[in-house]
Structures are given as structure tokens and as C-alpha cells.
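The values are calculated or read from the model by the stated rules, or taken from the named source; none is laboratory data. Every value quoted in this text rests on a predicted model; they were computed, and no experiment measured them. Glycine also receives a Cβ, built like all others from the backbone with ideal geometry; neighbour counts cover every protein chain displayed. Remember, those area values only see protein heavy atoms, side chains included, never the ligands or the DNA or RNA. Shrake-Rupley method; radii C 1.70, N 1.55, O 1.52, S 1.80 Å.
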Amino acid sequence: MNRYLAALMPLLLSVCPSVSWADNWPHWRGDGGNGVAENANPPTEFSNARNVKWKVAISGQGSGSPAVWEDKIFVTTGVPVSGTKQVKFTVLCIDRATGKTLWEKVAVEAVPHEGTHQTNGFASASPCTDGTAVYAFFGSRGLFAYSIEGEMLWNRDFGDMTIRNNFGEGASPALHGDHLFVPWDHEGQSKLYAVNKLSGDIVWQVDRDEPSNWGTPLVIESEGQEQVILTGQNKVRAYELGTGKPLWECGGQTDRPAASPVAGDGLVFVASGFRGAFVGAFRPDGKGDIEGTDHVVWTRSRDTPDIASPLLSGDRLYYYKAKTGLLTCVNAKTGEPYYSAKRIPELDTIYASPVAAGGYVYLSDRDGTIVVIKDADHFESVATNQMGETVDATPAPIDDQLIVRGSKHLFCLQAQ
């Protein structure tokens, strides 16, 4: 047993078995990966001063979404070192009750090997946690595991990515069981890695015929078989969780994918919207190339999202048109619209993905506006809120709170 695993074992043994993942927000898009907090009831009206339990300044830049486990919130950031080209790739643990920083760790200090888009930083992947450890992915700078108390457990360097047009890195890993699934699509040899969460060892890796991709893997179960699904410019593909064996694939998506897949009720939903438009529902029990078969249940070719991922809440699939505030809601089983490209005047440029909680959907604009609508078959706006700073990260709804990562602050919003 290596020293990192030995350090983690007491924490594993001390975890209370009654803790439910459903009451946490452990990774990007929440438990299940669909953007829904089943038991949460956060406020619908708030601002940077109203219904704020606390707010705390966060140094540097990062658009990764917060991960929440019980009384702790985890965020990542890239902090420039004054007078140099160095960046401190940093992980923070915030006390959920007070906003106090419990610990702050610099995973690595380095000069990024290539640039990034003007709206992107060097800490765009979202952290994830299982309540015993927290995992922070900084792409070309590596994957880092810390105990819940901030002790470094292990790290893994995968080399350097070359991202299309210097847009910058941003795909997040997925955590499931004993594995972390690390996406590595870029302009070099693309891969998907399965990493042991206890040791950092690579369990399996598969080569992928894909250019740069910012989608996060999604783990599902179909007919008793666990699958890892990852989008791509050429094809969406599913892999056997334990081995990485390819299971099924389907083409037809657009260039430069960024939206992550969602799944529910026996279907997987994939969307992309750059230089084209595609959203489709697939049955994941197929084998090989399923394009043109009845495993493609429905598709639509207009008003589909670019950067923001779709939201699946019940039988409703929500998605934006490109990066605009034009919102579509369709029946997830049939693809038939409840409403299409509904213009929301308060929303203009969208990076963050929609989330649902307490019967409402939260829609975040880059200018800091968060519009709340009814989670319903019809469109009904409930409130328009302003955070006073850029919001690129997807908020985390949990219990009676909404955790919002702005460009300058981390907010804990709760009815006062």
C-alpha cells in the first residue's frame, strides 16, 4: 500500500454510511449529471446583497463550478504570480456555514504552455468529491487528489494538450465508484483515461479519433451494464466502464463540441451547436455504429446549444440556442417542443448551464443575471436577479441554498 492510499484509508473508514449523495452536489452538473437537485429548495429572489448568507472573494480566475459535500465547498482557481508568467493552480475548501477558507492548496505553480481564450482562464474544469477526497483537474498541469482535510494524496501528469485555436482547456473529469474518467481530446492524440481514485494509477486508456472537445464524460447504466459516454466532433461514443471497450457510437454532431450529455428514462441526450445544430436522443443498448438505426429515437436540427449543456428535468429537456438566451424545452421522450427558442430579454450571452431545483430552473448569463423560471411544460418567468459580476460557472443548488461562483466572489444564497 503506497503512502497516499495509507493516508486515505482512515478517512474511508470514518465516513458515515447514512450520508446520501442526493443531498450533496459532488461534481459538475450534480449527482446524476443532469443538472437537477432533487431535494433542494434554494431562493428564487436574490442579488449580490439580497438573500446572501455570505460571500467571499476568490483570487485569480476560474470558471469551474463548485462541488459541495455536506459542510464543505470546493473551488479551483488560477492565480497569476505578480511580475511573472507563472500561475498558481489552486484548490480551496470553504466552510459552507461561514464562508471561511478552511484550507487553500497550490497544486502546482507553472507557466502555461499555451494561451487561452480571453473569456477563459486556466482553471475551468470543475472539481469533484466523494466526501473522503477531492479531485482537482488542471488539464495539462495534471490531476490532483487531496484528502477532505487538504492533505495531498497523489497527482497524475498526462502531458500537454494542444487545444484548437488556443481556446483553452476546460473539460471536467467524472467520478464514479472507484474511478475518475478523464477526457483528453485535443489536437494531438486524444484519449479517455480511467484512473483509480485511491492511487492515481491508470486503470485503462483508449485512443480517440477526435479533435478538441470540452465535454465531460457521463456514466450511466443500461441493461445492467455501466457505460462511460463522451461526446466528440466526429461521434458520440460509449465505453464499457470496467475495461474501456467501445460499445456503441453515432455521428451527426457539429464542430467543436462543448456541451456534456445527459441521460434518463433509458435515453441519452447529446447536443451541439457550433457551425450547425444537433440534439438527439439515443437508446444506449445498441452495438457498434447506431447511426440510421432505431437506436436513434429522435433528433432536431435547430436552436441547439453551444457551450451550455442541456438540462434534463423529468420529461423536459431544456437547452439554449448557441450562446444566446433563446430557450427551448422539448418532451425528452419524443423531441416534440413544449416551447421553442423562447426569447428571454434579460439573457444575452450564455456559458453556464441551466440547473433545476424546487420546481424552478435557474438560467445564468455572463453579465451576472440569473433568471428563474418555472420547471414546467409552459414558459413562466418568476424572477430576474443580478449578481453584479460575471457568472460563467454553473451554480450548485443544494438544500435551501444556491452556491454561485462569480468572477470575483463565491456566493452562498439563502433566504434570510
The local net charge around ASN385, scoring Lys/Arg +1 and Asp/Glu -1 for residues other than ASN385 whose Cβ lies under 11 Å from its Cβ, equals -2
Work out how much length SER47 to GLU151 would gain on full extension: take 0.36 nm times their residue separation and subtract the Cα-Cα distance, in nm to one decimal. 33.9 nm
Between their Cα atoms, which of LYS245/LYS342; LYS88/LYS197; LYS105/LYS374; LYS53/LYS105 are more than 31 Å away from each other? LYS245/LYS342; LYS105/LYS374
Within 10 Å, count the other beta carbons around each residue, average over each peptide in 169-179, 54-64, and list them highest first. 169-179, 54-64
Per the helix-only calculation at 222 nm, which mean residue ellipticity applies to the chain, given -39500 (n - 2.57) for every DSSP H run of n ≥ 4 and division by its residues, nearest 500 deg cm²/dmol? -1000 deg cm²/dmol
Could you let me know the centre-to-centre spacing of the stretch 296-368 and the stretch 146-191, using Cα atoms, in angstrom? 27
Taking a probe of 1.4 Å, how large is the accessible area per residue of the chain, in Å²? 37
Keeping the other protein chains in place, figure out the carbon and sulfur percent of the accessible area of the chain, with a 1.4 Å probe. 45
In nm, spacing of pseudo-spin labels at ASP265 and THR384 (7 Å Cα→C-beta vector): 3.2
On each of the three principal axes the extent of the alpha-carbon atoms of the chain, given in whole Å and largest first, is 51, 50, 47
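Stokes-Einstein diffusion coefficient for the stretch 28-125 at 37 °C in a medium of 0.692 mPa s, Rh from the Kirkwood formula over Cα pairs: what value in µm²/s?
Once the numbers are plugged in, D ends up at 214 µm²/s.
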If I take every Cα pair under 8 Å that is 6 or more residues apart in the stretch 55-142, average their sequence separation and divide by the length, what percent do I get for the relative contact order? 30
Förster radius 41 Å - calculated FRET efficiency between ALA57 and ASP294 (Cβ-Cβ, nearest 0.05): 0.15
Applying a 10 Å radius around every beta-carbon, put 315-328, 120-133, 188-201 in order of their mean neighbour count, most first. 120-133, 315-328, 188-201
Zone of HIS113 (label point 7 Å along Cα→Cβ, backbone N under 15 Å): which residues in the stretch 129-157? 138-143, 156-157
